[in-house]
Structure formats: C-alpha cells, structure tokens
1. For region 94-120, give me each residue that is at pLDDT 95 or above and out of contact with any strand residue (DSSP E or B) (no Cβ under 7 Å at 6 or more places or on another chain).
2. I'd like the full set of residues that are under 10 Å from the mean Cα position of the chain (by Cα) and either in a loop (DSSP other than H, G, I, E, B) or over 26 Å from residue 2 (Cα atoms) (or both), limited to region 45-73.
3. For residue 48, which of the numbered conditions (1) within 19 Å of residue 9 (Cα to Cα); (2) more than 8 Å from the ligand (Cβ to nearest atom); (3) touching a residue at least 24 places away in the same chain (Cβ under 8 Å); (4) surrounded by fewer than 18 Cβ atoms within 10 Å (Cβ to Cβ) fails to hold?
4. Taking region 21-45 only, how many residues are more than 8 Å from the ligand (Cβ to nearest atom) and either of a type in the set (S, T, N, Q) or touching a helix residue (DSSP H, G or I) at 6+ places or on another chain (Cβ under 8 Å) (or both)?
5. Of all residues in region 81-99 being away from the ligand (no atom under 16 Å from the Cβ) and touching a residue at least 12 places away in the same chain (Cβ under 8 Å), which is farthest from residue 114 (Cα to Cα)?
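The values are calculated or read from the model by the stated rules, or taken from the named source; none is laboratory data. Because the structure is a prediction, the values reported are computed rather than measured. For neighbour counting, all protein chains shown are included, and Cβ atoms are generated from backbone atoms with ideal geometry for every residue, glycine included.
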Amino acid sequence: MPWTYDPNNIFARILRGEIPNKTVLDTAHALAFHDIRPLAPFHVLVIPKGAYVTFDHFAAEAGAEELLDFHRAAARVCAMAGPEGYRGITNAGAFGMQEVPHYHLHVLGGRVLGRLVDPA
Ligand code: AMP
C-alpha cells in the first residue's frame with residue numbers, strides 16, 4: 001500500500017489540539033481516546049503520535065521507542081476493556097474500509113462481539 005500521509009486528517013487534527021477528544025491515555029508516543037461513534041460499550045482508539053497511515057506503515061517504519069510505547073499503551077487500553085476480553089481491529093485502505101488515514105487500533109469490548117468478519 002502507498003503510505004502518503006495527509007496531515008489534515010482528523011486524527012492529526014486531534015493530535016494538534018484542533019479538535020476535542022475524550023482522552024483515556026496520553027503517553028510519549030501514543031494517544032488513546034473514545035471513538036465518537038462507539039460500536040460496543042467499550043470502544044477506544046489507540047493512535048501513534050507519529051505520522052503513519054496504516055498498521056503496516058507503522059510496523060515497518062516506526063522507531064523502537066515509538067513501537068514499544070505504542071504497544072504498552074495499547075496493552076493498558078486492552079486492560080481497561082475488562083477481564084472478559086476485547087477485540088483489536090485495524091483497518092487499512094479501500095478493502096479494509098479505512099475511514100481515517102492515520103493508523104489506529106480499535107479496542108472494543110463490554111459485550112460479545114460476534115464473528116470476526118461478516119461472510120461475503
Ligand atoms: P476506520 O474505519 O478504521 O478508519 O475508523 C475510524 C473511526 O474513527 C470510526 O470508528 C469513527 O467513528 C472514528 N472517528 C472519526 N472521527 C472521530 C473523532 N473526531 N473522534 C473520535 N473518533 C472519531
């Protein structure tokens with residue numbers, strides 16, 4: 001996938017403080033906040049503060065400190081989902097139906113979430 005970052009995407013604007021958000025965790029390299037249209041009782045997005053478009057972009061090009069900090073933050077958010085489990089989702093590109101072109105991990109929980117993907 002091409003990794004051309006749009007600095008005006010909505011999550012970049014959240015990181016610049018131009019748009020409010022309901023923060024649950026703020027670390028050196030990551031921000032976690034409630035999804036504006038929650039699909040489950042717990043629905044939090046974890047994003048890196050760096051300019052990465054997708055999971056594969058972040059995994060391929062982020063530095064060690066960013067990778068560690070992001071994943072430690074994500075682990076803390078997963079714990080917030082509660083003891084009965086959660087689902088982590090990341091969408092990329094057209095087939096993944098990615099809406100916001102800044103890498104984000106959805107962490108959903110608080111109910112049984114159904115099967116992984118709807119059958120085509
Ligand atoms: P995706 O389809 O994986 O790109 O998901 C993007 C997610 O961002 C959706 O679940 C939206 O509800 C969520 N979203 C869009 N704008 C905002 C916002 N301003 N604050 C919080 N979540 C947002």
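1. 94, 95, 96, 97, 98, 99, 100, 101, 111, 112
2. 54
3. Among (1) within 19 Å of residue 9 (Cα to Cα); (2) more than 8 Å from the ligand (Cβ to nearest atom); (3) touching a residue at least 24 places away in the same chain (Cβ under 8 Å); (4) surrounded by fewer than 18 Cβ atoms within 10 Å (Cβ to Cβ), the lone unmet condition for residue 48 is (4).
4. Total satisfying the criteria: 11.
5. 82
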